[in-house]
Structure formats: C-alpha cells, structure tokens
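Each remark here refers to the structure printed beneath this line.
The values are calculated or read from the model by the stated rules, or taken from the named source; none is laboratory data. Quick caveat, the model's predicted, so the values are computed rather than measured. Positions of Cβ are backbone-derived with ideal geometry, glycine not excepted, and every protein chain shown enters the neighbour counts. What goes into the accessible areas is simple: the full protein's heavy atoms, side chains included, and nothing from ligands, DNA or RNA. Shrake-Rupley method; radii C 1.70, N 1.55, O 1.52, S 1.80 Å.
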Amino acid sequence: MNSGIGAALFTGIQVGAAIFASSLVVGDTGIAALGFLRYGCAMIMLLPFFLAAPVKLPQRGDRMAIALLGLGQIVVMICLINLALLLTSGARVALVFASLPVVTLVANRIVGGQAHHRLEIAGAILTIAAVAWLVASDILASRASLDDFAGMAATLGAAVSIAFCSVLYRPHVARYGSIAISIWAFSVSLPVLAL
C-alpha cells in the first residue's frame, strides 16, 4: 500500500473518531472552544517537526492567501461541523461529511484542475456507500427534523469549505511544504477561535 492510501485511511478513521468524540462534548465546551482545543493540540504536535527541520515560512506575498485559506479550512469548517453536531446526530454528520472526496473532486474541476480518473470517482462513491452502510441503522432510527436538515446543511458547508481550501492550498504546499503551511494557518486561526 502506498503512503498516500495509508494516510487517507488513517485520516478517515481519525475524522470518524473526532466526529463521535465531538458529538459527546460539543454541548459542554462550545463550538469554537472545541475547535481551539483540537487545533491547538494539532499545532503543538507539529511544533517539534517545525523546529527540528529547516522549514521555510511563507513569503510576505503569500501569507494573506494562506491565512485566508487557513481561516476557511480551520475556523469555518470546525465551527460548521461543531454547529452541525449540536443540531443533528453524529451519524448524519458522518454520512454527509463522507461526501468530502466527491466535493473535492468537483472543487478541483471548478478551479481548473486535471480530469479525474475513474478509480478516484469510484473510490469517492465507495466512501459514501461504506459510511452509509455503517451509520444507516442510527439514521433510520429516528425521523429527520428541521434541526437535522440544518445540521446536515452545515456539514455540507464544512465539506465545501475544506474542499476548496484544499485545492487552493496545492501550489502553496508545493512551494513551502505542509508543515510551514499548517503552522502559518494555525497561528492565524487559533486566535480567531480563542476569541
């Protein structure tokens, strides 16, 4: 298995666990505070790698674009996901969020990226089908209310935010590397979440 597939599998498990854990505590911690804790821990985990290797920080001309993408990918996304978890079940959030690969493929085409291979499309559809199979009993156990639909819409908004930010990040990551981009995005987004 190549490292990209392994990373994708690990990320999928991590996102599922984070959605479940967040659904248990978001009512007590608040939407932004939970995001601050999650991404604050992520920044702390990245700092040793940032300090250990020579990492080139973004140049002045790129900092604003990276900061805005960071706000979209971190602040907007986490607030929408946490709001969704206040409004609907973790199962519904997980199912809608499973559309992220499809939304990212669409975002890539809109931004002018390359055409997608049939296996990428099949993998994205298979992801949604697998999550639907896993959470179907929880979703079908209760009838959807207006709050549930609002929560699912917020989740889709989070997926759209992540998808477009990820696609637009690509040239910056190629230029500076993922650690420098992440550190810069966290350093801009965490104070906003803290406020």
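Annotation: Cα Rg of the chain relative to the compact-globule expectation 2.2 N^0.38 Å equals 1.05.
Hydrodynamic estimate: the Kirkwood radius of the stretch 86-189 over Cα pairs, inserted into Stokes-Einstein at 20 °C and 1.002 mPa s, corresponds to D of 139 µm²/s. Taking the Cα atoms only, what angle lies between the long axis of helix 31-52 and the longest principal axis of the chain, rounded to 10 degrees? On a 0 to 90 degree scale, this one is about 40.
Counted by Cβ distance under 13 Å from Ile66, the other residues give a net charge of +4, where Lys and Arg count +1 and Asp and Glu count -1. Using the alpha-carbon centroid of each, what span in Å lies between the stretch 119-187 and the stretch 22-61? Cα centroid to Cα centroid, the span is 18 Å.
Helices in the chain, meaning DSSP H runs of at least 4 residues, each add -39500 (n - 2.57). Divided by all residues, the mean residue ellipticity at 222 nm is -28000 deg cm²/dmol. Charged neighbours of His172, selected by a Cβ distance under 11 Å, balance to +2 (K, R count +1; D, E count -1).
Quick one: with all protein chains in place, what share of the accessible area of the stretch 48-193 is carbon or sulfur, to the nearest percent (1.4 Å probe)? Solvent-exposed carbon and sulfur of the stretch 48-193 make up 70 percent of the total.
The residues packed around Phe149, meaning those with a beta-carbon under 12 Å from its beta-carbon, carry a net charge of 0 if Lys and Arg are +1 and Asp and Glu are -1. Per residue, the chain exposes 57 Å² of solvent-accessible protein surface, assessed with a 1.4 angstrom probe and all protein chains in place.
Counting only alpha carbon atoms, the long axis of helix 178-194 and the longest principal axis of the chain meet at about 60°.
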